[in-house]
Amino acid sequence: TNQILVGFALETNDEINHAKQKLHKKNLDFIVLNSLNDSGAGFQHDTNKVTILDKTGNQISFPLKSKKEVASDIINYIISSQQ
């Protein structure tokens, strides 16, 4: 099928390695990592900071932004990676 699988991971320690494990275990194309250790990010804030990892080993981190901007970053990154 022509679908893209994206997962989300909220981690507290060894964030990158745990996100990579989930990416492969769940056979995802991308995983968006949120860390509870990042100040100003998470459920209690209007801002967030994420790292996107993909199944080919690419990884990109975005700075703290509004959640709307984070959503745009995620979508734009996924679209650009498919071109």
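Only the coordinates and a few stated rules stand behind these numbers; no lab work does. On a predicted model such as this, the values are computed, not experimentally measured, just so you know. Reconstructed Cβ throughout: ideal geometry from the backbone, glycine too, with neighbour counts over all protein chains shown.
For the chain, give the share of DSSP beta bridges that are antiparallel, in percent and rounded to the nearest 5; count only bridges with both residues there. Can you show the working numbers first?
On the way: 10 of 16 bridges.
About 60 percent, rounded to the nearest 5.
Each helix, a run of at least 4 DSSP H residues, gives -39500 (n - 2.57); summed and divided by the residues of the chain, these come to -10000 deg cm²/dmol at 222 nm. The lysine pair count for the chain, using Cα distances under 21 Å and pairs eight or more places apart or on different chains, is 9. Compared with the direct C-alpha span, the chain from I75 to L5 gains 24.0 nm at full extension, assuming 0.36 nm per residue.
Please get the size of the charge dipole for the chain, origin at its Cα centre, with Cβ charges of +1 on Lys and Arg and -1 on Asp and Glu, quoted in debye to the nearest 20. Charge dipole, the chain, about its Cα centre: 180 debye, nearest 20. Taking a Cβ cut-off of under 14 Å around N27, the surrounding Lys, Arg, Asp and Glu residues balance to a net charge of +3, with basic ones at +1 and acidic ones at -1. Measuring max minus min along each principal axis, the C-alpha atoms of the chain give extents of 37, 25, 18 Å (largest first).
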